[in-house]
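Trainee: Got a structure for you, written out below as structure tokens; questions coming shortly.
The values are calculated or read from the model by the stated rules, or taken from the named source; none is laboratory data. Keep in mind that what you see is a predicted model, and the values were worked out from it rather than measured. Cβ sites come from the backbone with ideal geometry, for glycine too, and all protein chains shown count toward neighbours.
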């Protein structure tokens, strides 16, 4: 016996109808994160090559493009600090951030970013949904 589910179909919208739809902030924010991950590839390579001036210029470009997004802005600030300290660690951080942002799940009840979510209680939000400024950070053990 085979069970068949009905085929789901969505109506085709023309450009005007599509533009008239309300903007979904969660989807828009997630698309910005994906664009940041893609745009970070060049930054990672520059940091890996040790080109400090080009790395700073790439960070400036990212700041102009994504500075309005609170979480991405905080990440860029953290990356600037790493760029000044250790370009190899910065390249590694960018690599992990790119991977995580490319695969990150979003909660239906996701709140606006208000700071590093590393230390939020497990009961409030599972770790895989948290937005971290630095990817290598975990919860501090007291």
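Trainee: Return the total of residues in the stretch 14-26 being surrounded by fewer than 10 Cβ atoms within 10 Å (Cβ to Cβ), modelled with pLDDT under 90 and in a helix (DSSP H, G or I).
Mentor: 2
Trainee: Please state which one of 48, 75 is in contact with a helix residue (DSSP H, G or I) (Cβ under 8 Å, 6 or more places away or on another chain), more than 15 Å from residue 133 (Cβ to Cβ) and touching a residue at least 12 places away in the same chain (Cβ under 8 Å).
Mentor: So the residue among 48, 75 that is in contact with a helix residue (DSSP H, G or I) (Cβ under 8 Å, 6 or more places away or on another chain), more than 15 Å from residue 133 (Cβ to Cβ) and touching a residue at least 12 places away in the same chain (Cβ under 8 Å) is 48.
Trainee: Let me ask you something else. For residues in the stretch 60-90 being over 15 Å from the mean Cα position of the chain (by Cα) and within 20 Å of residue 34 (Cβ to Cβ), which is surrounded by the most Cβ atoms within 10 Å (Cβ to Cβ)?
Mentor: If we take residues in the stretch 60-90 being over 15 Å from the mean Cα position of the chain (by Cα) and within 20 Å of residue 34 (Cβ to Cβ), then 61 is surrounded by the most Cβ atoms within 10 Å (Cβ to Cβ).
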